[in-house]
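Engineer: My questions all concern the structure below.
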Amino acid sequence: MAICDVCNSDASPTDGTMYSADEFRTLVAGGYEPPASARSFMSAMGMTVGQWKSGLVAINQTPWLLCPSCARSAKLILPGGAGAFVAAGMSREEAATFSTMLGMLAQANTKSSGSSAGKAKKRVPCPHCREMK
């Protein structure tokens, strides 16, 4: 069984709600915060809610699985709920897989766009002979 990505309670793609990374960021930007049980765990790990938002939520590219309890709280902020992919006819499992693949592609694209491929290398002097390499 999987666990809720917010509060660590038992959850599964069939009884929980899968939010894409972008949907979850929208939810958090709209005011969603983790429940008290998750906050105490975060505190024990040395993380504040602000760090959770600006770190984990901001950079995560994979879908977020919310247990029924966390999903109910989330629906108060985004009444339409999650699941643009589900609305398009995919099963929750297919939507989760597709969102994960999109996240992986986005990560790979971000890494490759920051690489030095196609860029001129900066020439530096050799520490032994001082010849520019």
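The values are calculated or read from the model by the stated rules, or taken from the named source; none is laboratory data. Every value quoted in this text rests on a predicted model; they were computed, and no experiment measured them. Accessible surface is based on the protein model in full, side chains and every heavy atom, while ligands, DNA and RNA are left aside. Shrake-Rupley method; radii C 1.70, N 1.55, O 1.52, S 1.80 Å.
Engineer: Amide H of V6: which non-local residues (sequence gap of 5 or more, or other chain) have their own amide H closer than 5 Å, using H built in the peptide plane?
Structural biologist: Amide H neighbours of V6, under 5 Å, 5+ apart: C67.
Engineer: What accessible area per residue, rounded to a whole number of Å², is obtained for the stretch 9-63 using a probe radius of 1.4 Å?
Structural biologist: Here the per-residue accessible area is 52 Å².
Engineer: Pulled fully out, how much extra length does the chain show between A2 and I77, if you take 0.36 nm times their separation in residues and subtract their Cα-Cα distance?
Structural biologist: 24.6 nm
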